[in-house]
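Shown next, in structure tokens, is the structure this report addresses.
The values are calculated or read from the model by the stated rules, or taken from the named source; none is laboratory data. The structure presented is a predicted model; accordingly, all values stated were derived computationally and were not measured. Glycine gets a Cβ as well: all are built from the backbone with ideal geometry, and neighbour counts include every protein chain shown. With ligands, DNA and RNA removed, areas are computed over all heavy atoms of the protein, side chains included. Shrake-Rupley method; radii C 1.70, N 1.55, O 1.52, S 1.80 Å.
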Amino acid sequence: STISMDSLKTSLLKLECHFTWALLKEHVSLEALEETILDHITFLVQYEIRDYNLLSYVNHLKNSNEEALRNLKKAEEAIQKRHPDEIAKRSLVTWGNYAWIYYHMERYEEAQTYVSKVENICKKLSGTGHGKIQLPEIYAEKGWALLRFGRHYFERARDCFENALQSEPDNPDLSAGYATAMYRLAGDAQRYGGEQRPCLEALKRAVELNPRDTTIVALFALELQRLKRGDEGERYIEEGLQKTPDFPVFLRHAANFYRKKGEVNKAVEILKKALALTPNSVVLHHQLGLCYRFKVLQLKKTRYPPQQVMENLIQLAISHFKIVIDKKPVFFSAYSDLAATYAIGKRYEEAEETFQKVLQRNDLACDEKQDIYFNYGHFQQFHMKSESKAIKCYIECLKIEKDSYSRKKCSEIVETLLKQKIESGLGSATDIGTLGLVHYLNGKKQEAIECYEEAIALDPNNEEYLNALAELQLSI
């Protein structure tokens, strides 16, 4: 063919589209993401162009390139209908995706045609020769795609929206994207630890620019609730229920608000309504599971808990959590939720299996793994009543060096457990040696040395302690 493969590949890598934004399939469950996008298209038709573009990329990741081409065709039809005066400008991402998909199908002529279309438009728009162009529409599309791929992408999404807002500070779509990314990062920092950056101002600004967008209004309300301004937040939620009573994304946030407020029955009612509209939504199943588990824990506190009602609620929670991890195996916190629910129902073997299943995965981030070890330790300590196994779990968490809330909690608990034992006179050389290891893992070398010396005094030939001590003395 007349096309040089090297120059085609070089040109493809310069395009701004889903194929060049480093969106990795191991961070998502393609089935669940595809269902989310299809729901989105049904209920938020104004974003259909970007949804069809993203869907085409997801189709490609699932090895259905023909399907990808059909969805790009739908994106093109939507562009013609919505932006008849700026078809070329609005088609850059779509054409970029076309070029890549044809390239992967080894239809190089067609790939080159689309590359050339994009390059020509960029030349016209930028007045320079090279194809890189910084359009707010492209930034917005990239930012929203990053958000869809989960927590590993939140910082990149925030930066993407932030950069674009510099040239268009009043753009409602960019403002909503920026606020959403900030909100997600704040939630992440709250769960795993990390830098807490306030996001209320960003949300407030987005609400001013998007008063009709109840999704962003709901996030604003949830943030007010997190800041102990729940009454103020609730007014926004009630208003949203009036404005968009049948919009599942809003309903999910509203239910979350009421669950956190402690009005679980109201949350369940809202979630059931949302689930009827989007039966495949993983997030709704997860929220329902949390609600049913919350109800069980509430009943457990009463004087005469109704056993049959509790059994039914436990079973409901379990079935919803199982749907979540079947449909979205990378939803890691759901494994802990499922295991904890089994434990409440005294189904200890299944709880144990659930922890083992998630700990065997090799795609857990450090803080996620620490979180699971913390929950596993809690299970061993309080349900299985095995302090020694709990200590092992907490130490596994400490071996992962990342600073996180779970690591801090594990550190406090394991130190307390060991010190109680040692101070009560029941501590063996093993307990003292283990405390030495805990100090060592927390970077407290002097305390570690003291513990190892004490352990060796009780157990003079212990290789492990002798080696650990020698290593520590060398490192000081």
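Calculated mean residue ellipticity, 222 nm, the chain: -24000 deg cm²/dmol, from DSSP H runs (n ≥ 4) at -39500 (n - 2.57) each, averaged per residue and rounded to 500. Take the Cα of Ser333, go 7 Å toward its beta carbon, and the backbone nitrogen atoms of region 172-197 under 15 Å from that spot belong to 183-194. Compared with the alpha-carbon gap, the fully stretched path from Glu26 to Thr10 is longer by 3.2 nm at 0.36 nm per residue.
Put a dot 7 Å past the Cα of Tyr348, heading toward its Cβ, do the same for Phe382, and the two dots end up 1.6 nm apart. Accessible surface of region 365-476, 1.4 Å probe: 51 percent of it comes from carbon and sulfur atoms. The value of relative contact order for the chain, using C-alpha pairs under 8 Å at least six residues apart, is 8 percent.
Placing a label point 7 Å from the Cα of Glu239 along the Cα-to-Cβ direction, the residues of region 190-213 with a backbone N closer than 14 Å are 204-213. Each residue of region 14-22 was assigned a 3J(HN,Hα) from its phi angle through the Karplus expression (A = 6.51, B = -1.76, C = 1.60, θ = phi - 60°), giving 8, 6, 9, 7, 4, 6, 10, 9, 6 Hz with x at Gly and Pro. Computed about its Cα centre, the charge dipole of the chain is approximately 1220 debye, with only Lys, Arg, Asp and Glu carrying charge at their Cβ.
Taking a Cβ cut-off of under 14 Å around Glu239, the surrounding Lys, Arg, Asp and Glu residues balance to a net charge of -2, with basic ones at +1 and acidic ones at -1. Solvent-accessible area of Leu417, probe 1.4 Å, all protein chains present, reported in Å² to the nearest ten, please. Rounded to the nearest 10, the figure is 10 Å². Rolling a 1.4 Å probe over the protein chains gives Thr278 an accessible area of about 10 Å². For region 428-475, what does the alpha-carbon gyration tensor say about shape, rounded, prolate or oblate, given a ≥ b ≥ c as the root eigenvalues, a/c under 1.5 as rounded, and a/b over b/c as prolate? Judged from the Cα gyration tensor, region 428-475 comes out oblate (a/c at least 1.5, b/c at or above a/b). Starting from the Cα gyration tensor of region 70-170, take the square roots of the eigenvalues, sort them a ≥ b ≥ c, and report rounded, prolate or oblate (rounded when a/c is under 1.5, otherwise prolate if a/b is larger than b/c, else oblate). Taking the square roots of the gyration eigenvalues as a ≥ b ≥ c, region 70-170 is prolate. For Glu263, neighbours were defined as the other residues whose beta-carbon sits under 11 Å from its Cβ, and their charges (Lys and Arg +1, Asp and Glu -1) total +2. Across the alpha-carbon atoms of region 264-342, the computed radius of gyration and Dmax are 12.6, 39 angstrom. Taking each residue as 0.36 nm, the span from Arg229 to Gln190 lengthens on full extension beyond its C-alpha to C-alpha distance by 12.3 nm.
Computed with a 1.4 Å probe on the full set of protein chains, the accessible area for Val207 sits at about 20 Å². Note on region 5-133: dipole from Cβ charges, positive end direction compared against Leu92, Met105, Ser126; the farthest Cα belongs to Ser126. When each of the peptides 48-54, 101-107, 289-295 is scored by how many other beta carbons lie within 10 Å of its residues on average, the order from highest to lowest is 48-54, 289-295, 101-107.
Using a probe of 1.4 angstrom and keeping all protein chains present, the accessible surface of the chain works out to 49 square angstrom per residue. Other residues lying with their Cβ under 10 Å from the Cβ of Cys199 contribute a combined charge of +3, Lys and Arg counting +1, Asp and Glu -1. Here region 221-350 has 52 percent of its accessible surface on carbon and sulfur atoms, given a 1.4 Å probe and all protein chains in place. Find which of Ser428, Leu474, Cys451 sits farthest along the positive direction of the dipole of region 428-475, computed with +1 on the beta-carbon of Lys and Arg, -1 on that of Asp and Glu, about the Cα centre. Final value for the positive-end residue is Leu474. Across region 334-345, computed HN-Hα scalar couplings (Karplus, 6.51 cos²θ - 1.76 cosθ + 1.60, θ = phi - 60°) run 5, 5, 5, 4, 5, 4, 4, 5, 4, 4, 4, x Hz from first to last residue, x flagging Gly and Pro.
Put a dot 7 Å past the Cα of Lys402, heading toward its Cβ, do the same for Ser116, and the two dots end up 4.7 nm apart. Measuring nothing but how far apart in sequence close Cα pairs (under 8 Å, 6+ apart) lie, relative to its length, region 40-90 scores a relative contact order of 31 percent. Once both labels are positioned 7 Å from their Cα atoms along Cα-to-Cβ, the gap between Val45 and Lys322 label points is 3.9 nm. With a ≥ b ≥ c the root eigenvalues of the C-alpha gyration tensor of region 1-114, is it rounded (a/c under 1.5), prolate (a/b larger than b/c) or oblate? Judged from the Cα gyration tensor, region 1-114 comes out oblate (a/c at least 1.5, b/c at or above a/b). If the segment from Lys272 to Leu61 were pulled out straight at 0.36 nm per residue, it would be longer than the present Cα-Cα gap by 72.8 nm. Calculated FRET efficiency, Cys366 to Leu297, Cβ-Cβ distance, R0 = 41 Å: about 0.90 to the nearest 0.05.
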